[in-house]
Amino acid sequence: MKTVIDGMTIGYTDDGSGTPLVFIHAFPLSKTMWQPQVDALKDTHRVITIDLGGHGDSDIVPWNDSLDGYAKNIIRLLDHLEITQAVFVGLSMGGYTLFSIYRHHPNRVKGMVLADTRAQADSEEGQVARQSMAEVAFKDGASAIADLMLPKLLAPSTIEQRPEIVEEVREMILQTPTAGIVVDLVAMASRPDSTALLSTITCPTLVIVGEEDQATPVAESQYMVDCISGVTFVTIPHAGHLSNFEQPIAFNQAIESFLETHGL
């Protein structure tokens with residue numbers, strides 16, 4: 001479904017009832033990456049997935065090239081849906097966006113799941129790599145980005161043994177406009193460091209990471225766990241960076257257990 005807020009079309013799904021769970025997708029994908037979670041959780045919770053600007057059914061706003069802009073649009077959608085508080089789930093870029101939401105709107109966050117993400121800002125080397133990838137996207141399009149990203153998104157075992165998953169993820173990337181990919185890369189490269197924010201997090205928090213995640217390795221998640229009080233930590237075997245899609249049963253079980261433990 002879609003809605004227009006302040007002149008911008010935002011694509012989203014809204015299924016089920018109960019405590020709202022808001023899912024924020026990874027780069028360079030869309031809300032469709034969360035379908036395994038929608039299917040598993042919509043019978044017990046209100047599950048909302050959102051297309052960030054330039055992805056899926058959402059308009060691109062080229063000058064809105066910051067994660068704060070993405071966060072603002074999520075809050076606008078929740079206001080439109082009359083949701084004052086939610087449990088947020090962010091994976092990778094979605095996690096970076098979730099930090100922005102918590103930084104500016106902590107009262108809206110009833111709980112959070114930080115999946116396959118990190119608190120640190122990009123290093124200079126990382127920023128250069130983002131710029132290089134943006135140049136590839138501009139020159140060669142989404143197919144070239146798919147070639148670069150698939151080994152980063154998926155575990156080696158997934159790539160070798162599960163070609164259907166590889167093709168599904170590739171197709172998701174190919175659906176993302178080049179302009180959306182470029183804006184993402186600019187936004188991620190310029191994002192602030194969130195390490196100081198970690199110790200201020202007081203809501204129930206779950207950190208999830210695929211054991212074979214090469215983009216944000218287990219050590220990055222362990223760092224967040226060491227800094228957040230009372231956090232729950234789950235590692236998922238046989239999963240890389242896109243742990244929710246590679247091992248949805250284990251990912252969903254981790255979220256269900258977290259929600260039940262905290263009465264969410």
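For this structure, a couple of remarks:
- Most fluctuating residue given options E211, E82, E220, as computed from a GNM of the chain linking Cα atoms under 10 Å: E82
- Contact order for the chain, expressed relative to its length and based on alpha carbon pairs under 8 Å spaced 6+ residues apart, stands at 21 percent.
- From the coordinates shown, volume of the Cα convex hull per residue in Å³ corresponds to which of [x] 140; [y] 157; [z] 111: [z]
- Once backbone amide H atoms are built at 1.01 Å from N, V113 has F88, V89, G90, L206 as its partners under 5 Å, excluding neighbours fewer than 5 places away on the same chain.
- Solvent-accessible heavy-atom area per residue, rounded to whole Å², over the chain at 1.4 Å: 41 Å²
- A simple rule links phi to the HN-Hα coupling: the Karplus curve 6.51 cos²θ - 1.76 cosθ + 1.60 with θ = phi - 60°, which for region 126-131 gives x, 5, 5, 5, 5, 4 Hz, with x for Gly and Pro.
- Full extension of the chain segment joining Q85 with E167 gains 26.0 nm, where the gain is 0.36 nm per residue of separation less the Cα-Cα distance.
- Translational diffusion of region 75-174, estimated by Stokes-Einstein from the Kirkwood radius over alpha carbon pairs at 25 °C in a medium of 0.890 mPa s, is 154 µm² per second.
- When shorter helices are ignored and each DSSP H run of at least 4 residues is given -39500 (n - 2.57), the per-residue value for the chain at 222 nm works out to -14000 deg cm²/dmol.
- Accessible surface of region 202-248 [probe 1.4 Å, protein heavy atoms]: carbon and sulfur percent: 52 percent
- Average Cα contact separation per residue, region 9-77, under 8 Å, 6 or more apart, as relative contact order %: 39 percent
The values are calculated or read from the model by the stated rules, or taken from the named source; none is laboratory data. Predicted model, so just to flag it, every value in this text is computed and none were measured. What goes into the accessible areas is simple: the full protein's heavy atoms, side chains included, and nothing from ligands, DNA or RNA. Shrake-Rupley method; radii C 1.70, N 1.55, O 1.52, S 1.80 Å.
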